[in-house]
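The values are calculated or read from the model by the stated rules, or taken from the named source; none is laboratory data. All values reported here derive from a predicted model rather than from experimental measurement. Cβ placement follows ideal geometry from the backbone for every residue including glycine, while neighbour counts extend to all protein chains displayed. Each accessible area value is taken on the protein alone, full model and side chains, heavy atoms only, with ligands, DNA and RNA left out. Shrake-Rupley method; radii C 1.70, N 1.55, O 1.52, S 1.80 Å.
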Amino acid sequence: MGTIDTGVRGTHEALKSNAMATDSWKDAIAGKLVPYDDVGHGTHTMGSICGTTRGIGVAPGSKWMGTANLYTPP
């Protein structure tokens, strides 16, 4: 599964265990190497797709990859 959004917080409890092993992250805004999401929207949508805890994901057995490319001004 993939998302093009505000990013994905890779440390989120529902997502940290099922990120793709390689090439799972691209930051087109700040060039950060570790998945992050300063806004929360991308994390929310990816959790709805493949979150692994408390039944929040519709495809919890899938792996995810993401990108941060939607800039949201402060």
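The C-beta contact set for segment 6-30 (first residue without any contact (Cβ under 8 Å) to a residue 60 or more places away in the chain and of a type outside the set (Val, Ile, Thr), second residue open to solvent by 80 Å² or more (accessible area, probe 1.4 Å) and part of a loop (DSSP other than H, G, I, E, B), distance under 7 angstrom, 6+ apart or interchain) comprises GLY10/LYS16; GLY10/VAL34; ASN18/LYS63; ALA19/LYS63; MET20/LYS63.
If you go through segment 24-74 and keep only what is more than 13 Å from the chain's Cα centre (by Cα) and more than 16 Å from GLY7 (Cβ to Cβ), you end up with THR53, ARG54, GLY55, ILE56, VAL58, ALA59, PRO60, GLY61. Among the residues of segment 1-23, those identified as within 11 Å of the chain's Cα centre (by Cα) and of a type in the set (D, E, K, R) are ASP5, ARG9, LYS16.
Apart from one condition, HIS41 fits all of (1) touching a strand residue (DSSP E or B) at 6+ places or on another chain (Cβ under 6 Å); (2) of a type outside the set (Val, Ile, Thr); (3) without any contact (Cβ under 8 Å) to a residue 24 or more places away in the chain; the exception is (3).
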